[in-house]
Amino acid sequence: LLRTPKRVLAFVRVKPTAHFARDMIRLGSDNKSIDIYIQKSPRGGVVNNSQTDWSFKLDGLLHNTSQEMVYETVAKDLVSKALQGYNGTIMCYGQTGAGKTYTMTGAASEYRNRGIIPRAIQQIFKSAADFLSILVTVRISYLEIYNEALFDLLAPALGRGCKDTQLAVMDGPQGVYVKGLSIHPLSLEFPLHFQGETNRVIAEHSLNKNSSRSHCIFTMYIECRSRDYTNHKCLKSKITLIDLAGSERLSKTGSEGQVRVEASYINKSLSFLEQLVIALADPKREHIPFRQSKLTHVLKDSLGGNCNTVLVTNIYGEAEHVEETLSSLRFATRMNWVIAEPVPNEPFYREASVKALEEEIQLLKQELIMQDNLASHSLMSYNPLTTAQRAEIRSQVQKYLRGVIEEIDIVNVRQIQEVFRQFKVILSQQEEEVESRLWSKYGLGHMAGSECSSDSDLHLDEAQEQHEEQQEQQHGEDTVIPGGSTSEKERIRSPPPEISWDELSPSRSPTKDLDEEEEEEEEEEEEEREGEKGSEQDSDEEPSSSEEPPLSKEEAFEMFKRETGREIHQIFRENKRILISRKKRSHSVAQRVNAIKREMEGVKAALEAHKRRRGQEGEYTDEKGQVIIDEDEFTLILKLKDLKEKHRSGFAELQDLKAEIQYCQQLVDKCRKRLISGTE
């Protein structure tokens, strides 16, 4: 393959601020250069040769740029190349609180502010939908490096604080991998990623309220192959998205205790990363220190090498952070010197892989037979079950249910699966018989297909069994196809076509009932209490007739709420109560904020009137040249300042309430769906 040397792309993103230090940070008109100017410190004495000017030129400058423009500039081309077989890496680096996690992940509150990870997933799925003959499958992993310990953010029931000893960085023939890291197929866009974000470690210090205290590596494994298997070639690639923890100075963050320990680990690993970048940028360097830390070891295949690499450096625009900004720009310049040689991954043939697996299966079967012979289990068989063997197992299950035998001897896995299959068939037959008796009891006519003999569920069609055996012999899989035809399953589980739910119930539906419950919570509680009293009276005055009228949808819904769905209904009501209280509180806070805003406008108008009158009558100044104002105007200024502070706090409270309302609404919607599905 032709290797074309290519520099690592380095972009700088400036965090938006109202206090941008224009005299110290100058952005070039070409949108690629940035100049830093720092005045000499008077503590340096008369002879002070310290440098005061720095100039950096990178691949792009992102200032006051939207999330969409950042993705278009930084990641879109890299993701497109990944679908062509090229590996890609995007890394966010910078001072703590400068916007690395926002750039990589985005804000979950607003869809338009989503970051690189969700947009990359969206682009891959959109491109996959446009491919007519190519099937694209995506799998993901989410690794966290916290205090030099590895954690799987997508592992179920992750216990924070206990190190997962099974995770380890390993060197293999296909490159570096993390042993024990779970890889999950991705069919939807966001749930697993959000689960990983929830498990991530954050902390608070003076520069950032939600500071990421760990390095996170989100990897997407992409596989492209033919949809109709006419072409057995398969192309693999991966995209590594790295959100580094922020570098910080302890003197500025004021970190103490555990946060201080975390900061020392973070700074140490970032220092090793910078040493690695310096070594990669030196073409004469023979030894590259990849094994200095867990972070550098994991990134061995992701920095430079044969993949497309992009660095996004996040910096502050304020003067107080100019020293850290200068340090981050130096790192970006060193990264820009690293040379990569991107080449597409070589396609492999799935057919060869299948043949290799078949040979391995045959070898394992031979080893099992040898083991059985040594253990005196010479009658053990690992071939698919025959019709006679299935009939024998069916007979044993029936004897076991009648109490003729006390237990069924276990022979192999296929026999266990067939035993469970026969239990399932018998259970289906009993369900059908019970349902048939209920229908006949309430005079609803005969069930569709009731003329079929009861033996049709137990005695399977011989041709169907032969077809299953042929499929098992062809594929060599150790699975069992459940018995019974499709029409039989539909007959057991679906209501009869002669009588529908619409004919047995009024037009009111559970969905409508839930909507009424949302609008008038108190009335719903009263109705439910009356319904319970009525049901008690009905039970006391129940006639002796053997026939009972069928339940309507409304009655079934009420019964479900009182009995089977009682717990979920209580959860629904509690969540709904919390949601209503939050909405009422949000409404009152919004009214208060609007009242404060109107009052502020009145005070501003009064101040403008004072200012105009002062201009007409003439202004008085003191010795320093400052305008002298009267006591009324001074009182208005203080009042306006106080109103602004109240408006700011009220608006922040309103934003928090909106987030709580959105979360409660999701919980209520889930409970509503469970109630409706349970009733149906």
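A simple packing score, the average count of other Cβ atoms within 10 Å per residue, orders the peptides 270-281, 590-601, 236-247 as 236-247, 270-281, 590-601, with the highest score first. Extension gain, ARG112-GLU645: 0.36 nm per intervening residue step, less the Cα-Cα distance, totals 189.0 nm.
By the compact-protein rule of thumb, 2.2 N^0.38 Å, the alpha-carbon radius of gyration of region 564-678 corresponds to a ratio of 1.85.
Peptides 552-563, 649-660, ordered by how many other C-beta atoms sit within 10 Å of their residues on average, highest first, read 552-563, 649-660.
Here the contact order of region 564-678, divided by its residue count and restricted to Cα pairs under 8 Å and six or more residues apart, works out to 53 percent.
Distance between the modelled labels on HIS287 and ARG592, one decimal in nanometres: 6.5 nm (7 Å Cα→Cβ projection). Here the peptides 290-303, 130-143, 319-332 are ranked by packing, the mean other Cβ count within 10 Å, and the order with the highest first is 290-303, 319-332, 130-143. Subtracting the Cα-Cα distance of LYS670 and GLN39 from 0.36 nm times their residue separation leaves 221.2 nm of extension gain. A Förster radius of 35 Å combined with the Cβ-Cβ distance from LEU368 to SER80 puts the calculated FRET efficiency at roughly 0.15. Modelled spin-label separation between PHE348 and ALA149, with each label point placed 7 Å from Cα along the Cα-to-Cβ direction: 3.4 nm. Placing a pseudo-label 7 Å from each Cα along the Cα-to-Cβ vector at GLN389 and GLN655 gives an inter-label distance of 6.7 nm.
Compute the FRET efficiency between SER271 and ARG585 as 1/(1 + (r/R0)^6), taking r as their Cβ-Cβ distance and R0 = 45 Å, and round to the nearest 0.05. The pair SER271/ARG585 has a calculated efficiency of 0.40.
Any read-out appearing in this document is the output of simple, stated calculations on the displayed coordinates, not a laboratory observation. This is a predicted model, so every value here is computed, not measured. Ideal geometry is used to build each Cβ from the backbone, glycine not excepted, and the neighbour counts take in all protein chains shown.
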